[in-house]
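The values are calculated or read from the model by the stated rules, or taken from the named source; none is laboratory data. Just so it is clear, the model here is predicted, and its values are computed rather than measured. Backbone-built Cβ (ideal geometry, glycine too); neighbour counts: all protein chains shown.
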């Protein structure tokens, strides 16, 4: 099972990407203001993310549909 956690940009800058499914910082999706992102991992929570609230894929999908993550303005 995959789990997701939200982290700040600062946390993403120092994240050990070998502990998560994403490959690098440039592969992450950030909130519109650039302050938050999320990562996913399998099974147990990596030590570097200990204590973070875990979300399911459907919960993350609902969150990123919000105004902090998605703009109504045309590109």
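Of the residues making up segment 35-49, just one is more than 11 Å from the chain's Cα centre (by Cα) and part of a strand (DSSP E or B), namely 42. Residues that are farther than 14 Å from residue 2 by Cβ, at pLDDT 95 or above and surrounded by 11 or more Cβ atoms within 10 Å (Cβ to Cβ) within segment 35-61 comprise 35, 36, 37, 52, listed in sequence order.
May I ask you to say which residue of 32, 15 is assigned to a loop (DSSP other than H, G, I, E, B), in contact with a helix residue (DSSP H, G or I) (Cβ under 9 Å, 6 or more places away or on another chain), surrounded by 10 or more Cβ atoms within 10 Å (Cβ to Cβ) and in contact (Cβ under 8 Å) with a residue 12 or more places away in the chain? After applying the criteria, what remains is 15.
Going residue by residue through segment 57-75, is there one that turns out to be touching a strand residue (DSSP E or B) at 6+ places or on another chain (Cβ under 6 Å) and either in a loop (DSSP other than H, G, I, E, B) or without any contact (Cβ under 8 Å) to a residue 24 or more places away in the chain (or both)? No, there is no match, as no residue in segment 57-75 is touching a strand residue (DSSP E or B) at 6+ places or on another chain (Cβ under 6 Å) and either in a loop (DSSP other than H, G, I, E, B) or without any contact (Cβ under 8 Å) to a residue 24 or more places away in the chain (or both).
Considering only segment 35-54, state which residues are closer than 30 Å to residue 72 by Cβ, touching a residue at least 40 places away in the same chain (Cβ under 8 Å) and in contact with a strand residue (DSSP E or B) (Cβ under 6 Å, 6 or more places away or on another chain). Passing the criteria: 52, 54.
Scan segment 1-12 for residues that are surrounded by fewer than 16 Cβ atoms within 10 Å (Cβ to Cβ) and more than 18 Å from residue 42 (Cα to Cα) and the total you get is 3.
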